Structure formats: C-alpha cells, structure tokens
Amino acid sequence: MAVKDRVVTWFFLHYVMPRAQVIDRPGFVVFRLSHRTDIYSRQVVMPESLFVAIEKRFSEKISKKGRQALYSTGKKFGYRFSRVSNIVDIRKVDRKSFLQNVNLLTKFVEGTYASNISNIVDLDAFTIRFRMNNFVVCRKSGLGYIISVGGIAGIWSYMLCDPNIEAIQPKCQGRGDPECEVIAAPPKVLKKYRNELLTENKLSGLEVDMRYRKMNEIVPVVHAKNS
C-alpha cells in the first residue's frame, strides 16, 4: 500500500470512524479528540498562504515585537486547543498512558498538517523533540511562529501543566534544511541551543465557558445541505 493510502486509511480508522472528527453534519467540521465530552470546536478554514503572508509581514515590518506577537498568538492557540479538545495532561494518567496519548496526538497532527512527524520524549527533562516533513506554513515561510513553534509550545505546556514551557525551531525546510525540527522544553533546556528565546507564560483566561460551548455546538441549519 502506498504511503498516502496508509495515511488516509489510518486517518479514517482512528478519527472519522470513531467520530473524533465529524464531517457529515451540514455546515460544520468538528473535532472531538477526547471522546469524553460533547465540547465542539468549530473549524474556520483559511488558506495556508494567508498565514505565510502574516508571518512574513510581521517579521519584516515589526521585527522582534512582531515575532513575539506571532509566537504568543500561537502558544495561546495551542494551549486553548488542548483545553477545548480535552487533550490528556500528565496529572490525569500514568506515564505509559501519557506517552501513548502523545504519540496519538502526533499522528493526528501528521495526518492533517504534515507528511511525516516523529517524536522523541524525555519526560524527566519535560522535553519533546519533533522531526517533521512538509509541515504547513513554515515549509514556505521558513518561520512557523504561529503553528509549528508557538502551537507546539502551547500544547506541550498544557500537557505538562507548566506555562513556562517554550519552543524553538532549529531546522526548517523553508530555510533550506532537509527537515523541520521543533524542540519544546523548559527555557533552561532550550538555552543550550539558543540564547534568546521568545516566551509567553500568561495563559490564564483561556478556559472553555458555557458561552463558548453554546456558540459552537452543532445545531440544525436551513441553508446548508452539505458538510
């Protein structure tokens, strides 16, 4: 079986069939990663080129403050995505189950954002290292502050219950490297690779309230017949 066919088969077996991703309700594309609650996250589809343009413009025109704004946005996105999706955190499961959930989430991201992702986890050092091929946005911009760097930092912060976790991207295909590499870890670990880090630890106020749930729940629609 070709690689692409295996990915498609895996995606349907693990996400579409178990109803983790709902794509047959008119007007809605819905993720339910945890299978534990009916908290819906409504998806807004945007072109990759928009994120590429935003990252380049912010980085070139606003320089360091622009990069900080992009990274902060990405980290808050990753953290809140984890909250909305009820991704497991290290306080709720044993070590083996936690690592299994990390691998499952990695495969989910691989099926939607890249052609290949592998990870190496060092839980004692609160560190995860990703090697990725064809990851969205950064493959074209060479930057990746919102999704690949900030997003991963936010998810790993949530999973480890530590808002001080940050991330860096030492290698990127968009900068000519053969693959992308993202490392998420405490700042003291990351400073072995880079002296200056982007940081964002103000992650309060990202909880899911009843208004959010009500706004995003699936409801009957009148003018849409297709998902």
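The values are calculated or read from the model by the stated rules, or taken from the named source; none is laboratory data. Keep in mind that this is a model prediction, so the values were computed, not measured. Calculation scope for accessible area: heavy atoms of the full protein, side chains included, ligands and nucleic acids excluded. Shrake-Rupley method; radii C 1.70, N 1.55, O 1.52, S 1.80 Å.
The Cα atoms of the stretch 50-106 give a gyration tensor whose axes a ≥ b ≥ c have a/c of 1.5 or more with a/b greater than b/c, which makes the shape prolate.
Sort all Cα-Cα distances of the stretch 72-190 into consecutive 5 angstrom bins from zero, then give the percent of pairs in each bin up to the one containing the longest distance. The calculated distribution, bin by bin, is 2, 12, 23, 27, 21, 10, 3, 1, 0. Computed on the Cα trace of the stretch 158-227, the radius of gyration divided by the Kirkwood hydrodynamic radius gives Rg/Rh = 1.21. Shown for the stretch 127-227: lysine pairs separated by 8 or more places, or found on different chains, whose C-alpha atoms are under 26 Å apart, numbering 9. Surface composition of the stretch 56-157: carbon plus sulfur atoms contribute 50% of the solvent-accessible area (1.4 Å probe, protein chains only, all chains present). Accessible surface calculations at 1.4 Å, restricted to protein heavy atoms, place the stretch 37-119 at 57 Å² per residue. Compared with the rule-of-thumb size 2.2 N^0.38 Å for a compact globular protein, the stretch 125-175 has a Cα radius of gyration ratio of 1.14.
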